[in-house]
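The values are calculated or read from the model by the stated rules, or taken from the named source; none is laboratory data. Computed from a predicted model, the values in this text were never measured in an experiment. FYI the Cβ positions are ideal-geometry reconstructions off the backbone, even for glycines, and counts take in every protein chain you see.
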Ligand code: ADP
Ligand code: TZD
């Protein structure tokens, strides 16, 4: 029953002749139920959140009405879960929080989702507007709408129950249309108890039609891109996480295979085509970036992760009029860092589909000297990597531990990998091959720590597939308490903590004695005990065999598991592979 009766209405009507019609006419629906019905009407079935004033009852009523409510221990992780759910499903993930502090805890995730182009909606309850605006000191007083605005794609407040339908519709469309992103929706406490006529209330709800419309590229822009491509001697395609998000898997595969152009996947685009694909140039990344003469960017920005499209990575002073084709749904992305010769604005499916059609029968595959040079370097690098992976040092290092995970993912390609840390991230990205699209979630555009358990929960909840979270010990600490959440919902998540006793490594010393160095943790900590504390499985792995056994059993059983993988504390590099962004560490090296 989702409508509520006005107090006293039912008994009065019971005494009236023909009472049935009058009962319906008098029926009302409150804000709680309008929110729930509006979300359900738009196919939203899961809420990630944390209860408290003024949304505790909303979480209860949501559950009572059949929404799945996943309750976290900290809002940042609920927000990260919503963002990952958005990426994995293409529908906005919903995070629900209390006012001021809960809202602020969720805000990091909202800003991170926006930065990464993941669709999510942060819904926060808020204090009474009259008191907040006069700054009279309400419980958890804060002008949340104003604070959220610069950190997300759109922000709305709903003051009247009859506007809930429109408010939620605007939030959904804002989150998923065009370049996806985070949306903030402010619901002041009073909204939930407002009652309106049930029929009118339900009529006010909006089922959003075509929330993420296709955007067809202009034919002349397609032709321009094809012309640039046809002049290429050493072409390269770069797939970004926008390409994974776009769910244009078939078009992208057709474009790569029909054109014969080598490609590089950005980390969350890994698996869009299997990493073992013969056209993948990932194993010779620096060579192709420095040498390519035409680069087609598909859902990837030329930000720091691609060295802004210039400088040493791209061939430095020898760069020779390289041309870029950029496919993106955002019309202002082109020329953000370097000139784009052929911007192709539209959704990736439509743009790539148009390119495939345009290649035509006369398309000449890239010259063999280019593709052969890539294969040669790639084979050499892969052979070198195989040698490193075959070593079995004691204690384990990053490579010997990741070699095990690489095998288990190969045997379970449907598993979703979550990955954060510095060295743990960089090594895992290059060692663990992915075989299917949208199976890798990581620190993304910001290189943010703390996404681990939120992303893992969302991956398990939205897909039901096994999740393998590969975590640096520092990275894990940001969201570690959510192992209780994983146990509470019995999720098939296996967390592997790469325990090298600290941030980057565990060997720093305080030159003055006393406190340990800022990067050092308790040595020999047993993270596996954390999972055991909540009824999950804990494994302490000091060898690749122990790690393999623990991980294989976890994936087979689906039981929440945490493997404390003991890694050589001297093994890491400061800042992992981005030491260049850390000038003092770079000097030390
Ligand atoms: P990566 O970090 O993997 O390089 P980025 O997050 O930098 O990827 O880039 C993703 C890009 O994809 C963004 O510029 C975004 O506008 C774009 N994008 C997202 N979804 C689509 C889509 N459906 N069609 C076209 N472009 C998209
Ligand atoms: N805080 C946040 C929110 N994000 C960050 N990226 C950092 C701090 C700084 N930082 C990194 O960039 S990586 C990292 C931190 C603290 C942790 C590295 O240590 P680790 O991984 O144990 O997770 P490795 O494998 O030992 O390097």
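Find the strands (runs of 3 or more DSSP E) located wholly in segment 261-350 whose residues include 3 or more that are within 23 Å of the chain's Cα centre (by Cα), and list them.
Output list reads 263-265, 323-328.
Would you tally the residues in segment 334-353 being closer than 24 Å to residue 306 by Cβ and touching a residue at least 60 places away in the same chain (Cβ under 8 Å)?
The total comes to 12.
Going by the conditions given, is residue 228 modelled with pLDDT of 95 or more, more than 16 Å from ligand 1 (Cβ to nearest atom), within 18 Å of residue 333 (Cβ to Cβ) and out of contact with any helix residue (DSSP H, G or I) (no Cβ under 6 Å at 6 or more places or on another chain)?
yes
For residue 508, are the conditions met, namely being out of contact with any helix residue (DSSP H, G or I) (no Cβ under 8 Å at 6 or more places or on another chain), over 29 Å from residue 436 (Cβ atoms) and surrounded by fewer than 21 Cβ atoms within 10 Å (Cβ to Cβ)? Reasoning before the result, please.
Numbers: out of contact with any helix residue (DSSP H, G or I) (no Cβ under 8 Å at 6 or more places or on another chain): yes; over 29 Å from residue 436 (Cβ atoms): yes; surrounded by fewer than 21 Cβ atoms within 10 Å (Cβ to Cβ): yes.
In short, yes.
When the residues of segment 397-408 are filtered to those that are within 15 Å of ligand 2 (Cβ to nearest atom) and outside any loop (DSSP other than H, G, I, E, B), which remaining residue is surrounded by the fewest Cβ atoms within 10 Å (Cβ to Cβ)?
399
Determine the pairs where a residue that is within 17 Å of residue 401 (Cα to Cα), located within segment 555-582, has a partner that is modelled with pLDDT of 80 or more and within 16 Å of ligand 1 (Cβ to nearest atom) with Cβ atoms under 8 Å apart, the partner being 6 or more residues away or on another chain.
Final answer for the pair search is 576/425; 576/426.
Taking segment 545-568 as the region of interest, how many residues are surrounded by fewer than 23 Cβ atoms within 10 Å (Cβ to Cβ), within 15 Å of residue 499 (Cβ to Cβ) and away from ligand 2 (no atom under 16 Å from the Cβ)?
1
Kindly establish whether residue 81 is modelled with pLDDT of 95 or more, part of a helix (DSSP H, G or I) and either over 26 Å from residue 210 (Cα atoms) or in contact with a helix residue (DSSP H, G or I) (Cβ under 6 Å, 6 or more places away or on another chain) (or both).
Considered against the rule, which asks whether it is modelled with pLDDT of 95 or more, part of a helix (DSSP H, G or I) and either over 26 Å from residue 210 (Cα atoms) or in contact with a helix residue (DSSP H, G or I) (Cβ under 6 Å, 6 or more places away or on another chain) (or both), residue 81 comes out as yes.
Quick one: which residue in 428, 411 is surrounded by 24 or more Cβ atoms within 10 Å (Cβ to Cβ) and either away from ligand 2 (no atom under 11 Å from the Cβ) or more than 17 Å from residue 78 (Cα to Cα) (or both)? Break it down stepwise before answering.
Working: 411 fails: surrounded by 24 or more Cβ atoms within 10 Å (Cβ to Cβ).
The conditions single out 428.
Output yes when any residue across segment 379-396 is within 16 Å of ligand 2 (Cβ to nearest atom) and crowded, with 24+ Cβ neighbours inside 10 Å, and no when none is.
Yes, because at least one residue in segment 379-396 is within 16 Å of ligand 2 (Cβ to nearest atom) and crowded, with 24+ Cβ neighbours inside 10 Å.
Only one residue in 448, 470 is within 16 Å of ligand 2 (Cβ to nearest atom), within 21 Å of residue 575 (Cα to Cα) and part of a loop (DSSP other than H, G, I, E, B). Which one? I'd like the intermediate steps shown before the answer.
Numbers: 470 fails: part of a loop (DSSP other than H, G, I, E, B).
Exactly one of 448, 470 is within 16 Å of ligand 2 (Cβ to nearest atom), within 21 Å of residue 575 (Cα to Cα) and part of a loop (DSSP other than H, G, I, E, B), namely 448.
Residue-wise test of (1) buried (at least 20 other Cβ atoms within 10 Å of the Cβ); (2) more than 26 Å from residue 113 (Cα to Cα); (3) modelled with pLDDT under 95; (4) in contact with a helix residue (DSSP H, G or I) (Cβ under 8 Å, 6 or more places away or on another chain).
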residue	(1), (2), (3), (4)
180	yes, no, no, yes
185	yes, no, no, yes
207	no, no, no, yes
211	no, no, no, yes
214	no, no, no, yes
223	no, yes, no, yes
239	yes, no, no, yes
242	yes, no, no, yes
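For segment 120-195, give me every one of the helices (runs of 4 or more DSSP H) that falls completely inside it and has 3 or more residues that are over 30 Å from the mean Cα position of the chain (by Cα) and more than 16 Å from ligand 1 (Cβ to nearest atom).
Result: 129-133, 190-193.
Going residue by residue through segment 311-323, is there one that turns out to be within 12 Å of ligand 1 (Cβ to nearest atom), farther than 17 Å from residue 225 by Cα, free of Cβ contacts under 8 Å to residues at least 40 places away in the same chain and crowded, with 20+ Cβ neighbours inside 10 Å?
Among the residues of segment 311-323, not one is within 12 Å of ligand 1 (Cβ to nearest atom), farther than 17 Å from residue 225 by Cα, free of Cβ contacts under 8 Å to residues at least 40 places away in the same chain and crowded, with 20+ Cβ neighbours inside 10 Å, which makes the answer no.
Spot the failing condition for residue 167; the list is (1) under 25 Å from residue 457 (Cα atoms); (2) crowded, with 18+ Cβ neighbours inside 10 Å, and only one is missed.
Only one criterion in (1) under 25 Å from residue 457 (Cα atoms); (2) crowded, with 18+ Cβ neighbours inside 10 Å is unmet by residue 167, namely (1).
Would you mind telling me which numbered condition in (1) under 30 Å from residue 502 (Cβ atoms); (2) in a loop (DSSP other than H, G, I, E, B) residue 384 fails?
(2)
Please go through segment 431-445 and give me each residue that is at negative phi, more than 11 Å from ligand 2 (Cβ to nearest atom) and part of a loop (DSSP other than H, G, I, E, B), ordered by number.
432, 433, 434, 435, 436, 437, 439
Counting only residues that are farther than 27 Å from residue 151 by Cα, in contact (Cβ under 8 Å) with a residue 40 or more places away in the chain and out of contact with any strand residue (DSSP E or B) (no Cβ under 8 Å at 6 or more places or on another chain), how many does segment 38-82 have?
3
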